[in-house]
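Student: Here's a structure for you.
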Amino acid sequence: MMQRWWQATATLRGAMRDLAPIVLVILFFQEVVLGRSIPHPGDMFIGMLFVLLGLALFVRGLEIGLFPLGENMAHAFARKGNVFWLLIFAFLLGFGTTIAEPALIAVAGKAADIAATGQLIGNDVASRQAYADGLRYTVALSVGLAIVLGVLRILTGWPLHLCILSGYALVMLMTIVAPDEIIGIAYDAGGVTTSTITVPLVTALGVGLAASIRGRNPVLDGFGLIAFASLLPMLFVMGYGMLVLGT
């Protein structure tokens, strides 16, 4: 009985271990460096419990839900042998998970507020919403295409380093001609897209697909899709800025 309980709480203990350094850093700087006590310690404690529980449930959900789902669908598409539907699925997976990313929603909204304050767009609700939605859909489109490129790389065996180097060369060229106001947002967009929803499904897709194709190594070929998903948004958002804000 004790052993079963210990195994059942393994994910919770792992979440506690992961959160412990963050808590210790906050306590050290708050109490020792700043010399101030934690404000509202009761609320902070309850909040930490919620974070701990949420992280444990999220990790457990990945293990029993998202990762097996992504790998099973990749195996099924590989057995079906229909590249067209595989690429359609890859695009819609990238597009759909990115649209739902909380980090992207937050960054797009903040970017719209700053753009309105700087008089780059109209300072009204409709203009801010249109700008934020434009950013979100641009990033989602780019991630969808990025996953398609990543799947094609797995199918064809393209060298990953050449693909990434070519992509970042284009990013550097776009940086020269894109409006200064959009460059920082574009570079951040490459990071916020690869967050809690996108990464597990996309990684599972890549690993499962590489494991299902003869001649492909899941370690060498199954990873790398996230690199495309971080790269293409920078290009697309700079292009969006050139279209909306002008060069």
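Student: Only residues that are open to solvent by 40 Å² or more (accessible area, probe 1.4 Å), within 15 Å of A204 (Cβ to Cβ) and of a type in the set (V, I, T): list them for the range 70-104, please.
Tutor: Result: no residue meets the conditions.
Student: Within the range 56-95, how many residues turn out to be of a type outside the set (A, V, I, L, M, F, W, C) and touching a residue at least 40 places away in the same chain (Cβ under 8 Å)? Quick ask: steps written out before the conclusion?
Tutor: The first filter runs over the range 56-95 and keeps only residues of a type outside the set (A, V, I, L, M, F, W, C), leaving 60-61, 63, 65, 68, 70-72, 75, 79-82, 94.
Imposing the further condition that a residue be touching a residue at least 40 places away in the same chain (Cβ under 8 Å) reduces the set to 60, 63, 68, 70-72, 75, 79, 94.
So the answer is 9.
Student: Further question: Looking at the range 177-191, which of the residues that are assigned to a helix (DSSP H, G or I) and touching a Ser or Thr at 6+ places or on another chain (Cβ under 9 Å) is surrounded by the most Cβ atoms within 10 Å (Cβ to Cβ)? Before you say what the answer is, go through the steps one by one.
Tutor: Let us first name the residues in the range 177-191 that are assigned to a helix (DSSP H, G or I), namely 177, 180-191.
Filter once more, keeping what is touching a Ser or Thr at 6+ places or on another chain (Cβ under 9 Å): 177, 183, 186-187, 189-191.
Values: V177: 10, I183: 17, A186: 25, Y187: 16, A189: 30, G190: 23, G191: 14.
Per the criteria, the residue is A189.
Okay, residues lined up against (1) among the charged types (D, E, K, R); (2) open to solvent by 50 Å² or more (accessible area, probe 1.4 Å); (3) in contact with a Lys or Arg (Cβ under 7 Å, 6 or more places away or on another chain); (4) assigned to a loop (DSSP other than H, G, I, E, B):
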residue: P68; (1), (2), (3), (4): no, no, no, no
residue: I114; (1), (2), (3), (4): no, yes, no, no
residue: Y131; (1), (2), (3), (4): no, no, no, no
residue: V143; (1), (2), (3), (4): no, no, no, no
residue: I147; (1), (2), (3), (4): no, no, no, no
residue: I154; (1), (2), (3), (4): no, no, yes, no
residue: L162; (1), (2), (3), (4): no, yes, no, no
residue: S166; (1), (2), (3), (4): no, yes, no, no
residue: V171; (1), (2), (3), (4): no, no, no, no
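Student: Could you give me the residue pairs with C-beta distances under 8 Å whose first residue belongs to the range 118-129 and is under 16 Å from I182 (Cα atoms), whose second residue is outside any helix (DSSP H, G or I) wherever it lies, and which are 6+ apart or on separate chains?
Tutor: Within 8 Å, the pairs are L120/L245; R128/I121; R128/G122.
Student: Scanning the range 213-234 for residues that are open to solvent by 30 Å² or more (accessible area, probe 1.4 Å) and modelled with pLDDT of 80 or more, which turns out farthest from V59 (Cα to Cα)?
Tutor: That would be A227.
Student: Let me ask another. Which of (1) touching a residue at least 40 places away in the same chain (Cβ under 8 Å); (2) outside any helix (DSSP H, G or I) is the odd one out, the single condition V237 does not satisfy?
Tutor: Failing condition for V237: (2).
The values are calculated or read from the model by the stated rules, or taken from the named source; none is laboratory data. Predicted model only: the values in this text are computed from it and were never measured. A quick note on method: Cβ atoms are made from the backbone with ideal geometry, for glycine too, and the neighbour counts reach across all protein chains shown. We work out accessible area using only protein heavy atoms, side chains counted, and drop any ligands, DNA or RNA first. Shrake-Rupley method; radii C 1.70, N 1.55, O 1.52, S 1.80 Å.
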